Structure formats: structure tokens, C-alpha cells
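For reference, the structure is listed below as C-alpha cells.
The values are calculated or read from the model by the stated rules, or taken from the named source; none is laboratory data. All figures in this text were calculated on a predicted structure; none of them were measured in a lab. Neighbour counts run over all protein chains shown; Cβ positions are idealised from the backbone, glycine included.
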Amino acid sequence: MLLFFTATLYAQNANNDIAKGNEAYRKGDYDEAVKNYQTALKKDASNTTARFNLANALQKQDHINEANKNYDKVIETVNLNSMKAESNYNKALAFIKGKDLLSAINSFKASLKENPNDDETRENLQKALNELNQQQKNQPQSNKQQQNPKQQKQPPLSKQMMQQKFNELRNQENQLQQKLQNKNNTTQPEKDW
């Protein structure tokens, strides 16, 4: 009985710290928000809400690597697809902020695997792909010649190739949705009384 009360008390205290962190976050006081979320995690290290919010506050402070580590911990531990999708989406935004388009693209794809109906993620993925393509086109010719042949990356994607890859991703997404619908629509045999 005492153990249950203690566990409940810790959970309430952690939730109080999360609430304080949320209030500080809304006010734009990200330092205070980080402190409150970290305090909540000291009380309950498995609290994914505190960890997710901590990652968001760290991202606002431009602590991209630390934010991404916390997003990864949320993705590893949470069972909700929506929370995984949000974590991957925010992780992608952090990568974009850090100018790492390839990692951002991979995180957007991971987010779409968890939530294939998210149009905003799909649009941001397309923007990231377009920006990567544009960067590859703008890369000076001299830099390409100086690269060792073993280190050369894939040639820039043409608009047609990007569209093809986008269509392939959409087809995979549709197939996944159909599988999920078929799985949910399995009919049970009628009872034979």
C-alpha cells in the first residue's frame, strides 16, 4: 500500500514538473522548461511526455544533437505510433535546422511509416528532397572533380526521378494502408448454434 502511494506521489510530482515546464515553454523560457522536464525525468525516467517535451525545448535552444538523442529515446520506448511519428517529425525538423538534409529526409520517411496519412510530413519530405536536389545541382563543378571517385555520392536526382521515388513511396504507403484495412476487416465466421 505504501509502495503504491509513493509511486503515485512520484508520478504526480513528475506531472507537476511537466506542467511547470509546459508553462515556461509557452512563455518562451526554454531554459526553465528544460530544467523542469529534467526534474520530471529524475523522478520518473520512463516518462515519455517529459522526454518528448524536453527534446522540443532543447531544439528551440538549438541543442540539436541533445534534442535528437531524446527524440530517439522516445521512439525506442513509446508504443504509440502517433508519438513515434511526432518524434520522428520533430527530429527531422531539428536535422533541417542543423542543415543535415539526408538525415531529415530519413526521419520524415520514418514518420510517414508510423502515420502514412500525415500530409504535412509528406509535404515537408518533398520540400527537403527538392532542397537536397537543388543543393546538389548548385554544387560547384570543381568540388565534384576534387572528390575521390570512391567518395563520390549519387548523382543528383532529376525531377522525373524524384517524382518516381515519391510515387514509389506513395504506392508503398497505399499498400500498407490496404494491408491494415484487410487486417482490420477480417470477418469472423458466423456462430453455428
The one condition in (1) touching a helix residue (DSSP H, G or I) at 6+ places or on another chain (Cβ under 6 Å); (2) among the aliphatic types (A, V, I, L, M); (3) closer than 30 Å to Glu168 by Cβ; (4) outside the structural domain of Met162 (by TED's automatic domain parsing) that Ala50 fails to fulfil: (3)
Need pairs with beta-carbon distance below 8 Å; first residue touching a residue at least 24 places away in the same chain (Cβ under 8 Å) and within segment 96-113, second acidic (Asp, Glu) and not in a helix (DSSP H, G or I); sequence gap 6+ or separate chains. Lys97/Asp62; Ser111/Asp118; Leu112/Asp118
Among residues of segment 82-99 being within 16 Å of Glu66 (Cα to Cα) and among the polar types (S, T, N, Q), the residue surrounded by the most Cβ atoms within 10 Å (Cβ to Cβ) is Ser87
Just checking: which of the helices (runs of 4 or more DSSP H) contained wholly in segment 22-97 hold 2 or more residues that are hydrophobic (A, V, I, L, M, F, W, C), in contact with a Cys (Cβ under 7 Å, 6 or more places away or on another chain) and at pLDDT 90 or above? none
Report yes if Ile75 is among the β-branched types (Val, Ile, Thr) and farther than 22 Å from Leu41 by Cβ, otherwise no. no
Does segment 129-141 contain any residue that is assigned to a helix (DSSP H, G or I), more than 25 Å from Glu86 (Cα to Cα), at pLDDT 80 or above and among the charged types (D, E, K, R)? yes
Just checking, how many residues over segment 62-81 are among the hydroxyl-bearing types (Ser, Thr, Tyr) and surrounded by 17 or more Cβ atoms within 10 Å (Cβ to Cβ)? 1
